[in-house]
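These notes concern the structure reproduced below.
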2 protein chains.
Amino acid sequence: MSMRHNAGNGSASSTSWVLKCTDLPQFDALLAHAERFYTDDKLHLRNLCKNSARCTGLVTIHRTAPALSSYMGIKPRTVILDYSRQRVTGETMELLFDLADAVKMTERREAMKSGVKINTTEDSPVLHHVLRLPENYPIVLQGPYNEDLPRPERSTQRNRSRTPPTETHATAEAVSPTSLKQHLKDGPSLLNFIHTVRKNIQQITEDIRSGKKRSVSGKPFDSILCVGISGGTYFGTNCVSSALQMDPAAFEASKGRKLRFVATMDPVDFHQATSDLNPSTTIVVVISKTFTDAETILNARTARSWLVENLKKEEGTKGATETNASALQMFAVTDNPIRSRQFGISKENTFPYLAICGRFSLCSPVGLLPLSLHFSYPVMCDFLKGAHDMDEHFFNAPLYDNIPVLLGLLGVWNSTFLGYSCRAVVPYTRALRDFPAYVQKLDMESNGKRVALDGTLLLHPTGEINLGEVGTTIQHSWIQLLHQGREMPVDFIGFMEPQQHFDVPGEALSHHDELMSHFFAQPDALATGKTVVEIIQEGVSEKLREHQACPGNRPSSSLLMTRLDAYAMGQLIAMYEHRTVIQGFIWGINSFDRYGADLGIAFSKKVRAQISNSRKTGASVQGFDASTGRLLEHYLAHRKEVDKIKG
Amino acid sequence: MSMRHNAGNGSASSTSWVLKCTDLPQFDALLAHAERFYTDDKLHLRNLCKNSARCTGLVTIHRTAPALSSYMGIKPRTVILDYSRQRVTGETMELLFDLADAVKMTERREAMKSGVKINTTEDSPVLHHVLRLPENYPIVLQGPYNEDLPRPERSTQRNRSRTPPTETHATAEAVSPTSLKQHLKDGPSLLNFIHTVRKNIQQITEDIRSGKKRSVSGKPFDSILCVGISGGTYFGTNCVSSALQMDPAAFEASKGRKLRFVATMDPVDFHQATSDLNPSTTIVVVISKTFTDAETILNARTARSWLVENLKKEEGTKGATETNASALQMFAVTDNPIRSRQFGISKENTFPYLAICGRFSLCSPVGLLPLSLHFSYPVMCDFLKGAHDMDEHFFNAPLYDNIPVLLGLLGVWNSTFLGYSCRAVVPYTRALRDFPAYVQKLDMESNGKRVALDGTLLLHPTGEINLGEVGTTIQHSWIQLLHQGREMPVDFIGFMEPQQHFDVPGEALSHHDELMSHFFAQPDALATGKTVVEIIQEGVSEKLREHQACPGNRPSSSLLMTRLDAYAMGQLIAMYEHRTVIQGFIWGINSFDRYGADLGIAFSKKVRAQISNSRKTGASVQGFDASTGRLLEHYLAHRKEVDKIKG
């Protein structure tokens, strides 16, 4: 592969970004190249994988840079990406890098890095990587920013040494304005703000976990109930929470503690989430950017009633009220601290949301606060370090050795040129059982778009349909379809070491080796398949031969990492964030808005009004098309019938 | 719609089944018809849904037949299928019924019903619907069956009245042979056998739940640990378990009880599943057809060690041994009772697996035993009744009013004629959070095939890629992609009543009405979309208009049911089983084998041997392609490195 694909340093010029990949000759070259893969048997993976030189070229290993690992005080880690089982040759990769050059992919990446407003529809920079930067990291911003934004005048750290321990952290007011955008004066100001927020989280985490801060009943806290909307609040935090459950350090740090989520308005949801929580030892964290979102605030009120009603039943806290429950047992993550105070949450328990695009907000207080309270701040620092490690790799590694860039280019190749509409992520550990849902949200919401940055219609679909499941589970589920039915590229994820060793004495192989046998075998089986000739040689009866044949040529990537802990989880999250962004760059779309998601919510308001009206006044259903109208009538009539029976 | 589409009564003639739908003129007619949907704006859902007559015709309501509901002692229930938001017209449906006639769909359905060996590659009938039949139901079998199958000589019920209570149920031996196929003498014999097994489950359930049967420590049981393979054992049982958790009757019946699964060889899995179980009150149910499957038996041994080691630590059970732990606290569901007895599980605690295709086995002891132990037998009887209700509907309702048939035909239309490769199931209740994974397994393993029944290659892909998520969750996740990115048909599922009423006083609408607003709005928004003209009318700036536009024309079906309880869950499971089967009938494939899934398992054996060999003797990696070989070397080298550091 040519050496010319180094990390670009081009300065951003947003006017050049209206380039659409389909307008470029490099796009046509790839289309023509892809044609061969439909017809040429030499390009079947069974044959491609026999070429040792090719396979060697299609592996890249990321080892944490020694300087970085000593700077951050962590052991170097390895991430191996083997993409030799993708339907590519060296030439394919060259053509993909050509396209990347032509669409100015590296310039776009640099623009994102330095805070250019690449989220053009919302006139906003994209700053999730900044959340992971170490203190005093030399960050340079490239503006220009809107000059009429309010600027913080007060030092964000001024409160740190003058106040008593329970108030050591700057309050929401002290650090407001709370949006990252509003701290975009220069790199150091921005980073300083982020680290002030981080330190506040560290302090409150220590106060809570040590028992210094206690509940209305005077008991130390052991549980966190997160109340927020599914999006940013739920998927990422839940996925990290389940991934670290059995990691020794995180397990130790969260022993006896519970972390639960209420992320929908489904009435069953709240009651399930709280079924094993003790209200007198539970903190409710309400996560809402505006603190006006109807669903979240409804659930926040339900949570407060749950606290107060249960506390009142206890000896010693009969005097529990909405006021003291809100003040002592409820936290907020919001950009509207006035509203959260109106709700009754204290200043010191309010943390800024930071106005990062929800699906990229895991490293902001949205994820950091509840996860720190549950797993401790040091564990979450390792997570941030892992994410930063992957950020450094993404921004600095040469393109041909750059894992997120390669994953992104392969995504574009598979979906736009080979025509795969879906892809799967298949981790070989149950600890990552919630990772596919996270990737689904991250990727489908970001890249499921219909127009380019300039608003012109795209000529091809963007955004794959992402799904996934734990490897040992799909082997007894939909692997059948992968082998003999529809094709879909897969990312297999495996680890060299298990999170914990649980081996039964006397077994030939460790549980982990058993598990990993499948991680190595499955991609091979998908690529190689099984021919009728091979089946005949096994002596299978004629009637069954064709039923047993597997065509192979199913593409996959294999990611092999050292061990799944907080650091690796940070790497993984950042890796998939960047993959998503890279694909958006190549396709020339805005991966950071989500106007499509608003439509259903707008429609629901009309339905809500109709139901409310009909329930109250018996008003007939009006203003809907025949389809919606009729079904709504059934729904409303049922309740009337039930009421009639009840008398 | 014409009335000629009544339930067929044609007798099966398997020779006629080699008909491939692509050979038929009815297939070509549908292809030509589908063309219009790509170009004709009159066929945009926005326009189709304005036609009230069309919408009325594309709704069907299933109400449990009065005779059936009084026979089974249940309240009649309603299931409404509204498919007016599918991209179909009356003509489309006519053409689909024509194709169904031409491929002899009703004859195939009848053949399945009466036990013809429609699983031709495995020479086996398909009998999951028989598991739900009431006692003495007039079932007629159509053979012929292999005459050299062993026949049960002894009456399967002879033990019922002569033995003391703890042994009232026929033992595994008494009811063996254990495979349904072996009881295919005639309908009554088969059904008699099934009901004997059911009664045994009922008896043991009562003995366990009443505390009559107790653990080694003399304590009554409160927890069930299911050990088995992901496939049949896990997905269905888990999905029913989470669906009923908050149903009042099931909730009451399972209060203080736990049901856990170990379905993979992932070492983390077992430890997570048992982390909150008390070994002296836990029954381990080992589910394995052959009782030789390596993964299951390894986990069964791990479970036994866990029982014995923990029991030994307790006062009073220091004498716990493998023998008494296996005999008193382990159950088996297997077709190999000799092996399970060798393992140490008693005859009376061994239940027949019944050799039903795994993904259709939920109503066999595989699901029935653990779910009855957890939720009680009466609750699971309601589940079986609901499934039977849907079976009766499926086998008897006219095709144009037959919900599983309509769902199946729409599946074929969307995937084969409109070209959608994926579809989603989106329930508007968190109780159904595990239902999409169940459907994924059921459908993708059944219909992801490459050849027709006669072994000739299919000319089109079969089997959609199925995904899904709770409605309130996708609204903040991948709904963006549905509106503005790739298209995918959706089945929305909603309920007229919530499982439980949890309303906050003073709120305008109940939580359930709030939730259901979205159920009604989302399909409408997907179908209608939002045009640039409408956006201009809202005064949106030019720059943003195209970014906010949603093309609409996204198809969906809405299923509205009375309430989610055990009965409804039985209906739902059977509905999706039959949908899957119908699509297989139309496509002319065998939905009941899964040869493709075996390939990866075969490949893993080679990897396993290599890892074992290399670990023991340091043997170098050999016999793999360059791709697998290299990655395996990395894996093996890592452990060596770790060992070196450890010294």
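Points to keep in mind about this one:
- By the count of other C-beta atoms within 10 Å, a proxy for reagent exposure, B:Glu497, B:Glu487, A:Glu91 are ordered fewest to most as A:Glu91, B:Glu497, B:Glu487.
- Chain B: radius of gyration over Cα atoms, expressed as a fraction of 2.2 N^0.38 Å: 1.03
- Percent antiparallel among DSSP beta bridges (both partners in chain A, rounded to 5): 30
- Each of A:Ser612 and A:Ser210 was given a label point 7 Å from its Cα along the Cα-to-Cβ line. The distance between the two points is 4.8 nm.
- Number of partner chain Cβ atoms within 10 Å, mean per residue of A:48-57: 3
- Net +/- balance of residues flanking A:Ala249 in space, Cβ distance below 9 Å, scoring K and R +1, D and E -1: -4
- The spacing between region B:309-376 and region B:59-83, judged by their C-alpha centroids, is 36 Å.
- Cα-based shape type of region B:544-594, given that a ≥ b ≥ c are square roots of the gyration tensor eigenvalues and the cut on a/c is 1.5: oblate
- D (Stokes-Einstein, µm²/s), Kirkwood Cα radius, region A:311-370, 0.890 mPa s at 25 °C: 193
- A cut-off of 5 Å between modelled amide H atoms, ignoring neighbours fewer than 5 places along the same chain, links A:Asn119 with A:Ser124, A:Val126.
- Ellipticity estimate at 222 nm from DSSP helix runs (n ≥ 4, -39,500 (n - 2.57)) divided over the protein assembly as shown, nearest 500: -14000 deg cm²/dmol
- Estimated inter-spin distance, B:Thr56 and A:Thr22, nm [label 7 Å along Cα→Cβ]: 4.2
- At R0 = 56 Å, FRET efficiency that the Cβ-Cβ distance of A:Lys258 and A:Glu542 yields, to 0.05: 0.40
- Here the Karplus curve 6.51 cos²θ - 1.76 cosθ + 1.60, taken at θ = phi - 60°, turns the phi angles of region A:475-487 into couplings of 4, 10, 9, 8, 4, 3, 5, 4, 7, 10, x, 5, 9 Hz, with x standing for Gly and Pro.
- Between B:His634 and A:Phe251, the simple spin-label model (points 7 angstrom out along Cα→Cβ) gives 2.6 nm.
- Pairwise FRET efficiency - A:Leu31 versus B:Leu43, Cβ, R0 = 35 Å, nearest 0.05: 0.70
- 0 to 90° range, to nearest 10: angle between helix B:566-587 axis and chain B longest Cα axis: 70
- The Cα-based radius of gyration and maximum Cα-Cα distance (Dmax) for region A:599-646 are 11.3, 38 Å.
- All C-alpha to C-alpha distances of region A:192-289, sorted into 10 Å bins beginning at zero, yield P(r) values of 14, 40, 39, 7, 0 percent in whole numbers.
- Interchain or long-range residues, amide H under 5 Å from A:Ile224's placed H: A:Lys258, A:Leu259, A:Arg260, A:Ile283
- Cα long-axis angle, helix A:235-244 against chain A (0 to 90 degrees, to the nearest 10): 80
- Percent breakdown of C-alpha pair distances by 20 Å bin, ordered from the shortest bin, for the protein assembly as shown: 10, 40, 39, 10, 0
- Between 0 and 90°, nearest 10: helix A:403-412 axis offset from chain A longest Cα axis: 70
Since every read-out is calculated from the coordinates, none of them should be taken as a lab result. In this text, all values refer to a predicted model and were calculated from it rather than measured experimentally. We place every Cβ from the backbone using ideal geometry, glycine too, and count neighbours over all the protein chains shown.
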